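Scroll down for the structure; my scribbles are underneath it.
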Amino acid sequence: MGKLNVARRAVFLDRDGVLNRVMVRNGMPHPPSRLEEFELYEDVPDGCARLKAANFLLVVITNQPDVGRGTQSREAVEAMHLKLRSALQPLDAIEVCYHGGDRYGQPCSCRKPRPGLILRAAAAMNIDPARSYVIGDRWRDVDCARAAGCRVILIQRGYKESLRDAPDFTVASFNDAVSAVLRDATP
């Protein structure tokens, strides 16, 4: 009798504002533009290790529209991802949307709030979105999680933007988000 192919659970991690610091201008977050500006929050390595120890796959899902808009190089973003992978060994995948968005003539199914990044990773890695979580810091992350059927934890960073939908949990830090996942997850 063969082993059942049970879908796995994951935590989908937004990048900017969740894993690494952002520049906040006029109340809105902006990603680092250079590798030298790419700095993880202090509680991220330990938090990722705790999630991995609980048998979650860890998948970064990130919009990087500045590449599609021509104001950021793909090489700079990929250098940041190399630094991220080096600092966070438990990462299983990084899913990136480089499209500039509908207003820039680059419509796609992967740019959050659309669920394409999650659905792509779920198909490739046998992940069950209904048993998975998204940790984000913006309305796009909440809406993306809802569209994919995941539970969602919002790290409240105090940006000047409104949510369209309510998260399952609102917390103050990455460490608090990890604790919320671990408390909520069923074994």
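Please treat every number below as a calculation from the coordinates, not as lab data. Bear in mind that the values here come from a model prediction, so they are computed numbers and not experimental data. Neighbour counts run over all protein chains shown; Cβ positions are idealised from the backbone, glycine included.
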Checklist entry - Lys/Arg Cβ at +1, Asp/Glu Cβ at -1, dipole of segment 1-109 taken about the Cα centre: which of M80, A53, N20 is farthest positive-ward? => result A53
Checklist outcome for this item: For segment 63-78, Karplus-derived ³J(HN,Hα) couplings (6.51, -1.76, 1.60; θ = phi - 60°; whole Hz; x for glycine and proline) come out as 7, 10, x, 4, 5, x, 8, x, 9, 8, 8, 4, 4, 5, 5, 5
Checklist entry - Which FRET efficiency, nearest 0.05, do R183 and A49 yield, Cβ-Cβ r, R0 22 Å? => result 0.80
Checklist entry - Where the eigenvalues come from the Cα gyration tensor of segment 10-184, what are the semi-axes √(5λ) of the equivalent ellipsoid, largest first, in whole Å? => result 22, 18, 17
Item to check | Rounded to 5, percent antiparallel among DSSP beta bridges of segment 10-184 | outcome: 20 percent
Checklist entry - Nearest 0.05, what FRET efficiency do R164 and Q89 give at R0 = 35 Å with Cβ-Cβ as r? => result 0.50
Checklist outcome for this item: Per-residue Cβ contact counts at 10 Å, fewest first, order S33, S73 as S73, S33
Checklist outcome for this item: So for segment 73-163, using the alpha carbon gyration tensor with a ≥ b ≥ c as root eigenvalues (a/c under 1.5 gives rounded; past that, a/b versus b/c decides prolate or oblate), I'd call it rounded
Next on the checklist: Using Cβ counts within 10 Å as a stand-in for footprinting exposure, how do V59, V44 rank, fewest first?
Outcome noted: V44, V59
Checklist outcome for this item: Residue by residue through segment 122-131, the couplings from Karplus 6.51 cos²θ - 1.76 cosθ + 1.60 with θ = phi - 60°, in Hz, x for Gly and Pro, are 4, 5, 6, 10, 6, 9, 9, x, 5, 9
Checklist entry - Roughly how many nanometres apart are two label points built 7 Å out from the Cα toward the Cβ at Y41 and R69? => result 2.3 nm
Checklist entry - In deg cm²/dmol, rounded to 500, what helix-only [θ] at 222 nm does the chain give when every DSSP H run of at least 4 residues adds -39500 (n - 2.57) and the total is split over its residues? => result -9000 deg cm²/dmol
Checklist outcome for this item: Fewest to most Cβ atoms within 10 Å: S109, S173, S162 sort as S162, S109, S173
Checklist outcome for this item: For R103, placing the label point 7 angstrom along Cα-to-beta-carbon and taking segment 131-168, residues whose amide nitrogen sits under 20 Å are 137-144, 159-165
Item to check | Most mobile listed residue (C144, C108, C97) in the chain, GNM with C-alpha springs under 10 Å | outcome: C108
